[in-house]
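Input: a single structure, listed below in structure tokens.
The values are calculated or read from the model by the stated rules, or taken from the named source; none is laboratory data. Worth saying up front: this structure is predicted, and the values here are computed from it rather than measured. Neighbour counts are summed over all protein chains in view; Cβ atoms, including those assigned to glycine, are modelled from backbone coordinates with ideal geometry. Calculation scope for accessible area: heavy atoms of the full protein, side chains included, ligands and nucleic acids excluded. Shrake-Rupley method; radii C 1.70, N 1.55, O 1.52, S 1.80 Å.
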Amino acid sequence: MSFFDHPRGQVQSGKKGKSRRFAGLAFLTVAMFGLLAAFYLPTGYVIEQPGPTFNVLGAPDGTAVIEIPDAPTYKTSGHLDLLTVSVVGNREQTPSWIDIFSAWLDPAKSVVPLDEIFPPNQTTKQSELESSAMMEVSQQEAIAASLSQLGYKVPVFIYVSEVAKQSPASGKFVAADYVTAVDGVNVKNIDELRAQVNKYDGKNSLIVSIVRDGVPMKLSIDPIQDETGAWRMGVTVGYKYDFPVNVKLHLADVGGPSGGMMFALGIYDKLTPGELTGAKNIAGTGTINSSGVVGPIGGIRQKMYGAQNGGAAYFLAPADNCNEVIGNIPAGLKVFKVSTFVEAIKIVSTIGKSGDLANLPTCSK
């Protein structure tokens, strides 16, 4: 007689069946909760992925991205693509764990801690406003760099963009003041201004020379120390340029400073005879200052894939991003490293003339 034919065995078999059904139900319940968690529980991460590309030589909505109404301009061709990174998620709604796992497997995407993109003390709206302000500054720097390279004199001034409440500057400085000197020492840039403020001895007030609505004035300021020990007046400052040529840049819904170099190349191309790109499709990224120094940016991997998706065959990357470039270049994309605006012009010109690319700088040499 088999075990299952024995009455006692039949009873035991029934108990085991119920136990198995219970275990199966428990497993299914846990799996359902896990699936719900994968979709709905906050992750603490956001995803960076390739965003839209914009040809700064083009006119995507019928209006030229670069408009220079009061100077002779020349025909351009091809693409100088400005690249962007799209961020999936924000502090109010993070991506699901399923999205996160999928992004980890995609070489074109990066999973980044939420706090790196959206600081805890900053709202999403504040982050967007900051990004827009950075783009505006980068555009001004790009215009200054390109016009300076073309031989124009571009006067620059330090101006006050914001005065912190309950700070030494509150009630004394106002937004749009121009700062010219500290204790009688002329300051030509923000670094010089900071250096002079940090000479404060904690006893004698600083005498800050400004120009307000065209009128020279002197302010007496007693800075306070921040957590690093540096002396601060409580003002946010930036640069204002007196451009000899009116350059208008039209590109909405793009933030951050990383488009500076491509804007500068586009302006230079429009103001010089010949077609710099030779009708080639060239993409790139990098900050730029008025002296023409090209600086590093974030999201370089996503931007290389964005360039590939946009049809570019060539990519200009800041030299300081080379450690992220090596090993991550998409197939078919030639990447050149750039340190200065002069170097960027030479690389684009060589590509445009179908010159020898072997001697151009890359991240591997």
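Quick notes on this one:
- Verdict on V235 being more than 30 Å from K346 (Cα to Cα), at pLDDT below 95, surrounded by 15 or more Cβ atoms within 10 Å (Cβ to Cβ) and among the hydrophobic types (A, V, I, L, M, F, W, C): yes
- Counting residues in segment 262-278 that are outside any loop (DSSP other than H, G, I, E, B), over 15 Å from S146 (Cβ atoms) and β-branched (V, I, T) gives zero.
- Conditions (1) in contact with a strand residue (DSSP E or B) (Cβ under 8 Å, 6 or more places away or on another chain); (2) open to solvent by 60 Å² or more (accessible area, probe 1.4 Å); (3) within 12 Å of V237 (Cα to Cα): number failed by D222: (3)
- Single match in S146, S132, S170, S138 (criterion: farther than 26 Å from G286 by Cβ and of a type in the set (S, T, Y)): S170
- Selection count, segment 131-154, where residues are out of contact with any Gly (no Cβ under 8 Å at 6 or more places or on another chain) and surrounded by fewer than 20 Cβ atoms within 10 Å (Cβ to Cβ): 7
- Some residue of segment 334-345 being open to solvent by less than 60 Å² (accessible area, probe 1.4 Å), modelled with pLDDT under 95 and in a loop (DSSP other than H, G, I, E, B): no
- In segment 161-182, the residues that are farther than 15 Å from Q196 by Cβ and open to solvent by 40 Å² or more (accessible area, probe 1.4 Å) form Cβ pairs under 8 Å with partners that are among the acidic types (D, E) and modelled with pLDDT under 95, at six or more places apart or across chains, as follows: A175/E162.
- Scanning segment 49-91 for residues that are assigned to a loop (DSSP other than H, G, I, E, B), open to solvent by 50 Å² or more (accessible area, probe 1.4 Å) and in contact with a Gly (Cβ under 8 Å, 6 or more places away or on another chain) yields one hit, Y74.
- The set of residues in segment 24-48 that are open to solvent by 50 Å² or more (accessible area, probe 1.4 Å) and at pLDDT 65 or above comprises P42, Y45.
- Top-ranked residue in segment 293-337 [being among the basic types (K, R) and touching a Ser or Thr at 6+ places or on another chain (Cβ under 7 Å); ranked as farthest from V46 (Cα to Cα)]: K337
- The set of residues from segment 183-216 being more than 16 Å from Y239 (Cα to Cα), surrounded by 15 or more Cβ atoms within 10 Å (Cβ to Cβ) and out of contact with any Lys or Arg (no Cβ under 8 Å at 6 or more places or on another chain) comprises Q196, Y200, L206.
- Of all the residues in segment 109-123, those that are crowded, with 18+ Cβ neighbours inside 10 Å and in a loop (DSSP other than H, G, I, E, B) number 2.
- Residue check for Q140: of a type in the set (S, T, N, Q) and touching a residue at least 40 places away in the same chain (Cβ under 8 Å): yes
- When residues of segment 279-289 are limited to those that are open to solvent by 10 Å² or more (accessible area, probe 1.4 Å) and within 16 Å of A145 (Cβ to Cβ), the one nearest to the chain's Cα centre (by Cα): T287
- Single residue of G306, G292, G352 found to be of a type outside the set (D, E, K, R), surrounded by 20 or more Cβ atoms within 10 Å (Cβ to Cβ) and under 15 Å from the mean Cα position of the chain (by Cα): G306
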